[in-house]
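S.K.: Following this message is one structure expressed as structure tokens.
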Amino acid sequence: MALYKRLRDLKEDHDLTQKQVADLIGVSMNHYGKYERGENDLPLEKAVILADFYDVSLDYIAGRSIHRHGNAAPEFTADEIELIDRFRSLGERDKGKAEMYVQMLSEQSAAALSSKGAV
């Protein structure tokens, strides 16, 4: 169902008509309307054309992602990447200790910020 809503929303976001989108992907307006209503499955090759045209990912068109350009990966600093690599090299017991330590530091930091705001 999300696929069909996405097709309609993308079309409307670009101020296009069903006829214009149908012409773009090489089908009749009636046939495209069936894609939007979920009466016909959208073939992959047509979905690729639309994804390229709208500059969005196939996952976005399919409703599998809320991110227009795929599952936006977070940007990590070099220090964060190093920390993740070190964490991954730990055994399960030490990972648990690291998690508890990070939780304690986080709580202390939140408390310090809270007390500064209360002054």
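Just so it is clear, none of the values below were taken in a lab; they were calculated from the coordinates. Here the structure is a predicted model, which is why all the values come from computation and not from measurement. Positions of Cβ are generated from backbone atoms using ideal geometry, with glycine treated the same way; all protein chains shown enter the neighbour counts.
Quick grid of which residues meet (1) of a type outside the set (Gly, Ala, Ser); (2) loosely packed, with under 10 Cβ neighbours inside 10 Å:
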| residue | (1), (2) |
| --- | --- |
| 78 | no, yes |
| 88 | yes, yes |
| 91 | no, yes |
| 94 | yes, no |
| 97 | yes, no |
| 106 | no, no |
| 109 | no, no |
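S.K.: Next question, about the same structure. Anything in segment 22-44 that is surrounded by 12 or more Cβ atoms within 10 Å (Cβ to Cβ) and part of a helix (DSSP H, G or I)? List them, or say none. Full working, then the answer.
M.R.: The first filter runs over segment 22-44 and keeps only residues surrounded by 12 or more Cβ atoms within 10 Å (Cβ to Cβ), leaving 22-25, 27-29, 31-36, 38, 40, 42-43.
Once the filter is applied, which keeps residues that are surrounded by 12 or more Cβ atoms within 10 Å (Cβ to Cβ) and part of a helix (DSSP H, G or I), segment 22-44 yields 22, 23, 24, 25, 29, 31, 32, 33, 34, 35, 36.
S.K.: Right, here's the next one. May I ask you to verify whether residue 65 is surrounded by 15 or more Cβ atoms within 10 Å (Cβ to Cβ), touching an Asp or Glu at 6+ places or on another chain (Cβ under 8 Å) and not acidic (Asp, Glu)? Can you show your working first?
M.R.: Working: surrounded by 15 or more Cβ atoms within 10 Å (Cβ to Cβ): yes; touching an Asp or Glu at 6+ places or on another chain (Cβ under 8 Å): yes; not acidic (Asp, Glu): yes.
Here the answer is yes, as residue 65 does meet what is asked.
S.K.: Please specify each residue of segment 1-21 satisfying the condition of being within 19 Å of residue 43 (Cβ to Cβ) and not in a helix (DSSP H, G or I).
M.R.: Selection gives 1 alone.
S.K.: Moving to a separate point now. Quick test for you: out of 47, 51, 78, 22, pick the one residue that is without any contact (Cβ under 8 Å) to a residue 12 or more places away in the chain and under 23 Å from the mean Cα position of the chain (by Cα). Steps first, please.
M.R.: Details: 47 fails: without any contact (Cβ under 8 Å) to a residue 12 or more places away in the chain; 78 fails: under 23 Å from the mean Cα position of the chain (by Cα); 22 fails: under 23 Å from the mean Cα position of the chain (by Cα).
Every option except 51 fails the conditions.
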